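Read through the structure below, which is laid out as structure tokens, and then see the notes.
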Amino acid sequence: MLEPFFNPRGVAVIGASRDPHKPGYGVVHNLAAIHYPGAIHPVNPAAPHILGYPCYPSVADVPDPVDLAVIIVPAPQVAALVEQCARRGIGHVVVSSGGFAETGPEGRAREEELARLARELGVRIMGPNCVGTIDTSTPLNVTFTAGTPLPGDLAFVSQSGALCVALMDWAQGNGIGFSRIASLGNQADVTETELLAELAGDPHTRVITAYLEGVSDGRAFMQAAGAVARHKPLVVLKAGRAAGGARAVMSHTGVLAGSAEAYAAAFRRCGALQAGTLEELFIWARALAWQPLPAGRRVAVLTHAGGAGVVAVDALEAAGLTIACLGAETRARLGAILPAGANVDNPVDVLAGSGPAIYTLALDALLADRGVDAVVVIVVPQEWFLPTGLAEVIGEMASLHAKPVLASLMGSAAADQARQVLHQWHVPGFAFPEQAASALAAMARRQEWLQQPEGTALDAADAAACRPAGRAALARRDWNGLLAAYDIRLLASRLAANAGEAVEAARDIGYPVALKLASPDISHKSDVGGVALNLADAAAVCAAYQQIVEAARAARPDAALQGVWVQPMLSGGQEVIVGVRRDAQFGALVLVGSGGVEVELQRDVALDVAPLTAAQAGRLLDSTWAGTRLKGWRGAPPGDRAAVVDTIVRLAQLACDLPEIAELEINPLMVLPAGSGALAVDVRGVLAAGQPVI
């Protein structure tokens, strides 16, 4: 129950001050300035009144009603005051004070004490080291910063107090209003995940936005975010993306699946739209709050300036949208109303000199076209009519149709006034076409996510049957046996400890064969000359065995050598990589892409969070160049895509069932022609403790 953080009956401000330059004054001032309707109780033993409100010497002296306290005193005093709040019956506390985990070991110990008190006393704590909360409908403002945001329908959750302050100021200057704002600070108790569910239930919030530096529990966040996103759009900006990749471990999978990619995959899965910039965070949110979602990606552009129309088309296509092909009836309607020389194909150019009346008729025609999912209107500065008048007709026409309309009124001054008119009609107005394209693409992605079937992962009975055999194989560090337990097909292989055994194995398997180094210490065999292909007879096998062993000893004198694996040669297939790795935040991740020796060079990979349904695995595969090639590229026969999808699903389930595995990789998975299956050729893995095994 977090509602008192936004709609309390009374607020105690502990550390209230008469000094206008202190945060304790700012909280009381903001409560008064926003006309908070509840009781305001400053707590200060040295002051009789602050801003006309009577002060109380201690929390115990504060009268009812009071169910929220704001603590803004030096850090060493905070824990004792939280205990006093609990004794007084105040169950919700905002700790604005700094001096906790962000300052070092001593501060971290203070923060751990706050977390303990929250658990043991049942007090919910927001912060410490936070700005506070705002609700524009209560109205409530328990922050200490100057100013109050405009009322609106966007909720904003921030893990940075300073950024929260800066964005509130920026948003006010850009006409963006908020329903609720919460600064989380260090999250000793209340987390971003809990706040999502609270904001989802707020009737004044249409879109939830969040600035995140991390999440407290990846799987819990995904579950909560997925539930929220089914009902309200969730737009997030994840900081720290450039910092990067995870540790460089033994497999390609670990190198390619960095933490930034893990967050991006988790956001895609749970339906959170990941913005790339602070500007995108809010322009996407405003468009999602105000306009209906497009049924598809087909967009019409309406303008009176040819160059601006071309810029808009470029931006839309760069954002992954499609320029709609207008129907014959639409072109005929446009031809009848537009001046001579106007372009009735998309982008529609009504020519300079056309006024609001022409725009109205043309916009109506485009919105009525069944081949158009959305319209972007582009207007450049001109002399022959006021842009505010055009904004009125765009807004009115948009209100009559169930398709999204976004507008770019380029320029400033008069264009700013026109955008304000558009916003009164709840039509997003942008300074440049690229912004409109970016917002519309986000809307299309949300629509596509909502339309995806949820499905089920590997059948529970099948997974349960695999698990015992899988654990037995894992105990022996038998990766091939582990894959076999999950019904993942393997290329026949035999371990040979010497040249004679290699020849015998080759004879049994049948020529030609391949030899691959077997060593728990050398993961990338080809890097040390540990692979020999297309060996046609016993002499070639003997020679190759000696070359592999000698090359491995020269490259890694300290490595343990177990011999070679002998395998039949395959031809005519496509090499794919399928891997799983354990992520600290989100658990098991699945990676798929183009495989073979150049996997890190190509970096044709896509990532998702396990487990996966067949539909999810198919979408993951299709998002890569490897998936495109499997469908048949330039006359090449298609590969067995269904077999790859099945392998992805089973490997993902394996990773979920066996958390002891840090990484497991099939590279390559040799994909045979359609209907012939796929074979795991080379398998390598790493246990959670970090030791490489073969």
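The values are calculated or read from the model by the stated rules, or taken from the named source; none is laboratory data. Treat the numbers as computed from the prediction; the structure is a model and nothing was measured. FYI the Cβ positions are ideal-geometry reconstructions off the backbone, even for glycines, and counts take in every protein chain you see.
Quick test for you: out of L406, L361, L366, pick the one residue that is within 26 Å of Q417 (Cβ to Cβ) and not in a helix (DSSP H, G or I).
Result: L406 is the single residue among L406, L361, L366 that is within 26 Å of Q417 (Cβ to Cβ) and not in a helix (DSSP H, G or I).
Working only within segment 668-694, note down all residues that are at pLDDT below 90, crowded, with 16+ Cβ neighbours inside 10 Å and outside any strand (DSSP E or B).
The answer is D682, I694.
Within segment 493-504, does at least one residue satisfy the condition of being farther than 17 Å from N480 by Cα and hydroxyl-bearing (S, T, Y)?
no
Taking segment 536-571, which residues are polar (S, T, N, Q) and within 14 Å of N498 (Cα to Cα)?
Q546, Q547, Q562
Which residues, counting only those in segment 10-56, are under 40 Å from the mean Cα position of the chain (by Cα) and of a type in the set (S, T, Y)?
Y25, Y36
Kindly evaluate H29 against the criterion of being closer than 19 Å to T136 by Cα and surrounded by 13 or more Cβ atoms within 10 Å (Cβ to Cβ).
yes
Looking at segment 271-288, which of its residues are in a helix (DSSP H, G or I) and surrounded by fewer than 21 Cβ atoms within 10 Å (Cβ to Cβ)?
L278, E279, E280
Can you name the residue in segment 589-624 that is more than 27 Å from R219 (Cβ to Cβ) and in contact with a Ser or Thr (Cβ under 6 Å, 6 or more places away or on another chain) and, of all such residues, is modelled with the lowest pLDDT?
V597
Could you tell me which residue of segment 544-583 is nearest to A265 (Cα to Cα), considering only residues that are touching a residue at least 12 places away in the same chain (Cβ under 8 Å) and among the acidic types (D, E)?
D583
Would you be able to say whether some residue in segment 42-60 is crowded, with 16+ Cβ neighbours inside 10 Å, closer than 21 Å to R180 by Cβ, touching a residue at least 12 places away in the same chain (Cβ under 8 Å) and not hydroxyl-bearing (S, T, Y)?
No.
Consider segment 167-190. How many of its residues are modelled with pLDDT under 95, touching a Leu at 6+ places or on another chain (Cβ under 9 Å) and either surrounded by fewer than 18 Cβ atoms within 10 Å (Cβ to Cβ) or among the acidic types (D, E) (or both)?
Count: 4.
Taking segment 308-342, which residues are under 29 Å from the mean Cα position of the chain (by Cα) and part of a loop (DSSP other than H, G, I, E, B)?
A319, G320, L321, A324
Looking only at segment 107-118, how many residues end up being more than 27 Å from P57 (Cα to Cα) and either part of a loop (DSSP other than H, G, I, E, B) or among the basic types (K, R) (or both)?
Qualifying residue count, segment 107-118: 1.
If you take the residues in segment 90-138 that are more than 19 Å from E213 (Cβ to Cβ) and among the acidic types (D, E), which one is surrounded by the fewest Cβ atoms within 10 Å (Cβ to Cβ)?
E120
Of the residues that make up segment 647-667, is at least one closer than 26 Å to P453 by Cβ, free of Cβ contacts under 8 Å to residues at least 60 places away in the same chain and not charged (D, E, K, R)?
So far as segment 647-667 goes, no, none of its residues is closer than 26 Å to P453 by Cβ, free of Cβ contacts under 8 Å to residues at least 60 places away in the same chain and not charged (D, E, K, R).
Cβ-Cβ under 6 Å, sequence separation 6+ or interchain: first residue in segment 515-543 and at positive phi, partner in a helix (DSSP H, G or I). Which pairs?
G529/A551
For residues that are surrounded by fewer than 23 Cβ atoms within 10 Å (Cβ to Cβ) and in contact with a helix residue (DSSP H, G or I) (Cβ under 8 Å, 6 or more places away or on another chain), scanning just segment 297-314, find the one that is nearest to A441 (Cα to Cα).
Checking each candidate, the answer is R297.
Are there any pairs, at least 6 apart or on different chains, whose C-beta atoms fall under 9 Å, with the first in segment 668-690 and of a type outside the set (F, W, Y) and the second in a strand (DSSP E or B) and surrounded by fewer than 16 Cβ atoms within 10 Å (Cβ to Cβ), and if so, which?
R684/V693; G685/V693; V686/V693; L687/V693
Restricting attention to segment 420-463, report how many residues are touching a residue at least 60 places away in the same chain (Cβ under 8 Å), assigned to a helix (DSSP H, G or I) and within 25 Å of V236 (Cα to Cα).
Residues that pass the stated criteria total 18.
I need the full set of residues from segment 411-437 which are touching a helix residue (DSSP H, G or I) at 6+ places or on another chain (Cβ under 6 Å) and not aliphatic (A, V, I, L, M), in order please.
Q417, W425, H426, P428, G429, F430, P433, E434, Q435
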